[in-house]
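Structure first, then comments.
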Amino acid sequence: MDTEVLTRAERAVPASDDPLWWRSAVIYQVYVRSFADGNGDGTGDLAGVRARLGYLKDLGVDAIWFNPWYPSPMADGGYDVQDYRDIDPRFGTLEEAELLIQDALALGIRTIIDVVPNHISDQHPWFQAALAAGPGSPERERFWFHPGKGENGDEIPTHWVSSFQGETWTRTTNPDGTPGEWYLHMFTPEQPDLNWNHPDVRREHEDILRFWFDRGVAGVRIDSAALLIKDPDLPEVGEKQGPGQHPTEDRDELHDVYRAWRAIADSYPGTRVLVGEIWVPDIVRFTNYLRPDEMHTAFNFDFLARPWGAASFRESIEQTLAAHAPVGAPSTWVLSNHDVTRPVTRYGREDTAFAFLKKRFGVPTDPELGLHRARAAALLVAALPGSLYIYQGDELGLPEVEDLPRELIQDPMHYRSGGIDPGRDGCRVPLPWSGDAAPFGFSPGRARTWLPQPEAWRTLTVQAQAADPGSTLNLYRRLLHLRRQLPELGDGPLEWWDALPSGAASAPDVLAFRRGERFACLVNTGDASVPLPPDASVLLSSTPLDESGRLPGNAAAWLRMDAAASRSTDSTPRITTTEPPASRG
Ligand code: GLC
């Protein structure tokens, strides 16, 4: 670390630094390609982000997580990294990234970047060198090159399945034109997997962490964090039993990798955080990654995958909180990201659960119902204990774009499914900022955006919504500002509020909990309206109360219990009346 850089790293700590900032933070996810375009080429860039930092400040976020911004052939939207220490020229320059990190920090917004350790781009110099060096070379040892099975080596080494569907090995061609070894790629062939048993791979990634921590980033989001280590014996899935012994996922050896990373993060001033992308179904194994000397937090995908409904939400919340308690880590709450169907569309479907393998074209949805529910879900997750992630555009209530012309779809998940899975581009359409026609202020001038925006987005622009007090944008702004003001929210205890109003037929559809003595959140996942307690005033509701002051179906409210009532309640607070108070509103 040179002195000049060290100074910059030290400056990266805000004056009012709270070492526990990450336990309650609101983190906004910027998919750079689709956030805002500064240079008019139809693709988002860092200049676009810098120009819109004021928007994020007004929204009320504590940090930004940027999807990969590195030079990349974009075989998988930038998750195929060619150089981990630079910025893709389509997005800007390293210097601009440094300025962006500083500008954001000056507004009190921290930066989290995406690191992609499981695989690299096939255009990365290491992989190119490995191809050139041939079988048996040290260059190949950084990857998973392997002879094929069968007499001619033309059978794949294993039948491991890619989460992008299809095979996970591709055969190389030797310099003399004969068929060569195979290499492993858990995603596309353009994303060869690294061999994490190799010391170069570990050293390189530890150095990459330092490179970005030196530049003031407050944390890293670790892509595909549970996949890095593979069983070198290459068994088929199921050949070896037992937790921690799956050939490609969640292997026990991974924890040492993250312990080393944590030591690096902890060696920097301020709290630099490790956030894992961990899709592990067993919640105890999931929270093992969050032990005090490993990652700080990990994305909680269980809640995101759950169907709409009080019972399923409650089960997920209870299991999540219980599993996090022993390791002392706060949970994260995530309604969506750049990989999953937007909540407005998801929650308007008959089947509201999310699963990658279920994605199909033409599944009907009721966008109005979906929007009500997405707004209610926003109040719910923002009131739960821990940190909150917001994917860009969710604050505008954007739906999934499901009618992109097929020839414009770029996502490999679409192609690798043989065109059956629509892929993830529908949630990656450039944001609408202003005006009545595409590109809706996303690009200066009339540039054609890299994915087309629906005409109907003219009513969903930031400009249109800023002027409408009932808009989703204003709901998000109010809820984030309130969340910041209310000390009960963020990290801390939650108490379920089980004594629901007598006579409320829809009580099983209601989820209610308290944070502290005077804050309550009530979510009505049914269709019929429900009464609110008499000793509550409404701080915020996702849908206006009905004419009798009841909370409509598919809506949520944040409540302030009056002090006298909260003093008189016993440890199990009760909602005791079905009559709405005259003063509520
Ligand atoms: C993660 C990313 C996803 C990417 C994949 C492969 O799941 O979120 O977008 O395609 O990893 O890197």
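Could you list Ile222, Ile87, Ile113 in order of exposure, starting from the residue whose Cβ has the fewest other Cβ atoms within 10 Å?
Going from least to most buried by this count: Ile87, Ile113, Ile222.
May I ask for the net charge around Arg314, where only other residues with Cβ less than 15 Å from the Cβ of Arg314 are counted and Lys, Arg are +1 while Asp, Glu are -1?
Numbers: positive: Arg306, Arg514; negative: Asp302, Glu315, Glu318, Glu495, Asp498, Asp509.
Spelling it out: positives minus negatives among the neighbours equals -4.
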Computed over region 321-395, the ratio Rg/Rh where both radii use C-alpha atoms and Rh is Kirkwood: 1.02
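Please arrange Asp421, Asp252 by how many other C-beta atoms lie within 10 Å of their C-beta, fewest to most. List each step's numbers first, then the result.
On the way: Asp421 20, Asp252 13.
Taking fewest neighbouring Cβ atoms as first place, the list is Asp252, Asp421.
Which of the peptides 337-347, 90-100 is most tightly packed, and how do the rest follow, going by the mean number of other Cβ atoms within 10 Å of each residue? List each step's numbers first, then the result.
On the way: 337-347: 24.2, 90-100: 18.3.
Averaged packing, sorted descending, gives the order 337-347, 90-100.
Can you tell me the equivalent ellipsoid semi-axes for region 207-321? Use √(5λ) from the Cα gyration tensor, largest first, whole Å. Kindly include the intermediate steps, with their values, before the conclusion.
Numbers: eigenvalues 136, 99, 24 Å².
Here the semi-axes work out to 26, 22, 11 Å.
Please rank Phe442, Phe301, fewest neighbouring Cβ atoms within 10 Å first, as an exposure proxy.
Values: Phe442 27, Phe301 20.
Taking fewest neighbouring Cβ atoms as first place, the list is Phe301, Phe442.
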Relative contact order, percent, of the chain when contacts are C-alpha pairs under 8 Å separated by at least 6 residues? 13 percent
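Within the chain, what percent of beta bridges assigned by DSSP are antiparallel, to the nearest 5? List each step's numbers first, then the result.
Working: 29 of 55 bridges.
Antiparallel bridges: around 55 percent, rounded to the nearest 5.
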Pull up the cross-link candidates among the aspartates and glutamates for Lys359, meaning alpha carbon to alpha carbon under 13 Å and not fewer than 8 places away within one chain. Asp339, Asp351, Glu400, Glu402, Asp421, Asp425
Heads up, region 440-492 by the C-alpha gyration tensor (a ≥ b ≥ c square roots of eigenvalues; a/c under 1.5 rounded, else a/b over b/c prolate, else oblate) looks prolate
Starting at the first residue of region 70-81, write each ³J(HN,Hα) from the Karplus equation 6.51 cos²θ - 1.76 cosθ + 1.60 with θ = phi - 60°, in whole Hz, x for Gly and Pro. 7, x, 7, x, 6, 5, 9, x, x, 7, 10, 8
So the compactness index of the chain, its C-alpha Rg divided by 2.2 N^0.38 Å, takes the value 0.99
Let me know the Rg and Dmax you get for region 8-112 when you use only its Cα atoms, in Å. 13.8, 41
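For region 420-469, just say rounded, prolate or oblate: build the C-alpha gyration tensor, square-root its eigenvalues into a ≥ b ≥ c, call rounded for a/c under 1.5, and beyond that prolate if a/b exceeds b/c, oblate if not.
Oblate.
Under a Cβ-only charge scheme (Lys and Arg +1, Asp and Glu -1), can you give me the dipole magnitude of region 317-447 about the Cα centre, in debye to the nearest 20? Walk me through the intermediate numbers first.
Values: 13 positive and 16 negative charges, 39 e Å.
For this selection, approximately 180 debye.
Report D for region 117-217 in µm² per second (integer): Stokes-Einstein, Kirkwood Rh on Cα pairs, 20 °C, 1.002 mPa s. The partial results should precede the final answer.
Details: Rh = 14.5 Å.
Using the Kirkwood radius from Cα pairs, D works out to 148 µm²/s.
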Sequence-distant aspartates and glutamates (8 or more away, or on other chains) whose Cα lies within less than 15 Å of Lys57: Asp103, Glu395
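If you wrap a convex hull around the Cα atoms of region 311-463, how much volume per residue is inside, in Å³? Let's see the in-between values first.
Working: hull volume 20.4 nm³, N = 153.
Considering the Cα atoms of region 311-463, their hull volume per residue is 133 Å³.
How would you order 463-469, 486-492 from highest to lowest mean count of nearby Cβ atoms within 10 Å?
486-492, 463-469
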Amide H neighbours of Trp169 under 5 Å, counting only residues 5+ apart in sequence or on other chains, H built in-plane at 1.01 Å? His185
For region 226-294, what ratio Rg/Rh do Cα atoms give with a Kirkwood hydrodynamic radius? 1.03
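Each value in this text was obtained by applying a stated rule to the coordinates, not by laboratory testing. Not measured: the values here are computed from a predicted model. Methodologically, a virtual Cβ is constructed for each residue, glycine included, from the backbone with ideal geometry; neighbour enumeration extends over all protein chains shown.
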